[in-house]
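Structure record follows, encoded as structure tokens.
The values are calculated or read from the model by the stated rules, or taken from the named source; none is laboratory data. Keep in mind it's a predicted model, so treat the numbers as computed, not measured. With ideal geometry, Cβ positions are generated from the backbone for all residues, glycine too; neighbour counts draw on all protein chains shown.
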Amino acid sequence: MKVFLLHRDRDFEVQPELRDSMFEAMLSGNLHAIFNAMRDLERQRRSASLSAPPGSYDGLAQDLELETLWNAMAGKDLFLYEMAKRAVLSGLTAPEEIRYRQHVLADCLEHPELVRRLYRLAIEALASEQAVGSFWSGARADWILSRSVRVLRLYLAVLRELRQIADEHGESFRSDGFGRFFAMVREELGDGYFETVEQHLRELELKRGVLESARLAKGDKGTGYTFHKAPPAPSWKQRLLGSKQPPSYSFELHPRDEAGFKALTEIKSRGLQPAADALVQSAGHVESFFVMLRLELAFYLGCLNLHARLHANGQPTCMPEPAPDGRLALSARGIYDVCLSLHVKDRVVGNDVNADGKSLVMITGANQGGKSTFLRSLGLAQLMMQCGMFVGAQSLRADVCAGVFTHYKREEDAAMESGKLDEELARMSEIVDRIKPGAILLCNEAFASTNEREGSEIARHVVRAMLNRRIRVLFVTHLYDLAHGFFDQRLDTALYLRAERAPDGRRTFKLLEGEPLPTSYGEDSYRRIFGDVEAVRASIGSRT
């Protein structure tokens, strides 16, 4: 049996960099291993040594505040947190794959309690392994067989409940993913299946002893040990009439004959070993099904948790529309920063944007006007869309990119061995080594650590190189020379947005199309700190 709720034709896959010890423990289904891995990760987080995923995702997680997103999806469950992180960072690259996952998620949003019930069933099934004890080195075949019988009986009870859910509620799910899943459950877990398994398990309890056959090989050593199904017990009529039975021979071991007992046990184990191996394999197949069921449902549970948080804050969500391959699309209505909305009680201001066919979006305007927040909302929406999630917007249509990369300004670091500009250039060099055509680069105040002329010149070369490689660039900047230099070129593939400022200096946090202006309205900051400008000027004049 296969789950296939995250992919149409394969189990869940993650980026190679994310296949760490935690993910391997998740795939093993061993709850003890998962617990230990989670405990180690939690210890690292408390010691502040693990604030972001490993490798090239550090900057992305920091710039887009992905920790906030993952924590909201997890709801304090470390397993859900780890799955959310891996799913968000392992985005899909084909529109049809995204739509497949979106339809499954739509079913989850319509039937949240049933999905949570399925998730609990998977956990209950995996707990069966712990309930009957673990294997140990040198365990005899009869013990392995007995343990596997107990495990399969526990699995069977969960499978019956799964079949019941499929019978009672399967028709109410409309997605291809859940439709195929419940059809598989009904087909492969029919009444005949349960009757056959129950019959085999009763036989393998060996209540009537063990029937084996073997041949003699050279040196009078046994070979070809075969475990046979026990013959049916004589009926009451046969016992009453004393029907003639085939001849049989027996022997008895002395209670103190340890060598004989050991030899007999070894003979029994040789015959039972193939059956024990087969039963272990069967239990393993069922276990792997529940491992993947838990793993894949964990992502959807994370989505349910996030959806509940956003709607409790009165924030809208929508299923984005992935544009067909080869089309440069980005249009949204009411798009907002999901992570910001999780930090504040008030409803976050959304923005509209129409950047279809635009490979460059230059964002300028007043300080504290919502430019960085808007940029982050676009990056989050792209990641969420490409892992099959809803997004924080009233509507969104975007093309599927080959990766999201960020270059944000960093706070001063006392431990920095070189200048701030050197650090910015080093980070951009790392991005250049990894970015590829079809990707998106989000820049927030990049190269503002040097003067206007030099910063603009550096940024201009970077942006041109990215555009030449078919990489979309979204750039927030106060560098007027940079922004207006591109504006003067009147590029059909460029869009210029400006943070709106009311006449009285109030910020509306709205981004409107507009020409870059040679001011960031520093006077507004001055007024906010010192008060009325004219009053301050008069006061200074009177003192002189």
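List of remarks:
- Boolean, Arg464 is at pLDDT 95 or above, closer than 30 Å to Asp325 by Cβ, surrounded by fewer than 21 Cβ atoms within 10 Å (Cβ to Cβ) and touching a strand residue (DSSP E or B) at 6+ places or on another chain (Cβ under 7 Å): no
- Ser90 vs. criteria in contact (Cβ under 8 Å) with a residue 60 or more places away in the chain, assigned by TED's automatic domain parsing to the domain that holds Phe290 and among the polar types (S, T, N, Q): yes
- Applying a threshold of 8 Å to beta carbon distances and a minimum spacing of six or more residues, or different chains, the list of pairs starting in segment 278-305 at a residue that is farther than 28 Å from His103 by Cα and ending at one that is crowded, with 19+ Cβ neighbours inside 10 Å and of a type in the set (Phe, Trp, Tyr) reads Ala283/Tyr155.
- Residues located in segment 183-199, provided they are of a type in the set (A, V, I, L, M, F, W, C) and either outside any helix (DSSP H, G or I) or within 10 Å of Ala166 (Cβ to Cβ) (or both): Ala183, Met184, Val185, Leu189
- Single match in Arg180, Arg163 (criterion: touching a Leu at 6+ places or on another chain (Cβ under 6 Å), assigned to a helix (DSSP H, G or I) and basic (Lys, Arg)): Arg163
- Subset of segment 62-76 that is outside any helix (DSSP H, G or I) and in contact (Cβ under 8 Å) with a residue 12 or more places away in the chain - its residue that is surrounded by the most Cβ atoms within 10 Å (Cβ to Cβ): Leu64
- Residue check, Arg376 surrounded by 15 or more Cβ atoms within 10 Å (Cβ to Cβ), in a strand (DSSP E or B) and not β-branched (Val, Ile, Thr): no
- Single residue of Ser148, Ser128 found to be crowded, with 16+ Cβ neighbours inside 10 Å, small (Gly, Ala, Ser) and farther than 22 Å from Met26 by Cβ: Ser148
One line per residue, one yes/no per condition, for (1) at pLDDT 90 or above; (2) over 37 Å from the mean Cα position of the chain (by Cα):
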{"residue": "Arg490", "(1), (2)": "yes, yes"}
{"residue": "Ala494", "(1), (2)": "yes, no"}
{"residue": "Ala499", "(1), (2)": "yes, no"}
{"residue": "Ala538", "(1), (2)": "no, yes"}
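- All conditions but one from (1) of a type outside the set (D, E, K, R); (2) touching a Phe, Trp or Tyr at 6+ places or on another chain (Cβ under 9 Å); (3) at pLDDT 85 or above apply to Leu145; the one that does not is (2).
- Some residue of segment 299-312 being among the polar types (S, T, N, Q) and either over 30 Å from Tyr119 (Cβ atoms) or assigned by TED's automatic domain parsing to the domain that holds Glu110 (or both): yes
- A count restricted to segment 379-410 and to residues that are touching a Leu at 6+ places or on another chain (Cβ under 9 Å) and either in a loop (DSSP other than H, G, I, E, B) or within 30 Å of Thr450 (Cα to Cα) (or both) stands at 14.
- Restricting the first member to segment 22-43 and to residues that are buried (at least 18 other Cβ atoms within 10 Å of the Cβ), and the second to residues that are polar (S, T, N, Q), the beta-carbon pairs closer than 6 Å and six or more apart or on different chains are Ala37/Ser21.
Residue-wise test of (1) part of a loop (DSSP other than H, G, I, E, B); (2) on the phi > 0 side of the Ramachandran plot; (3) surrounded by fewer than 20 Cβ atoms within 10 Å (Cβ to Cβ); (4) out of contact with any helix residue (DSSP H, G or I) (no Cβ under 7 Å at 6 or more places or on another chain).
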position	(1), (2), (3), (4)
His311	no, no, yes, yes
Pro316	yes, no, yes, yes
Pro324	yes, no, yes, no
Arg327	yes, no, yes, yes
Arg333	no, no, yes, yes
Lys345	yes, no, yes, yes
Val349	yes, no, yes, yes
Asp352	no, no, yes, yes
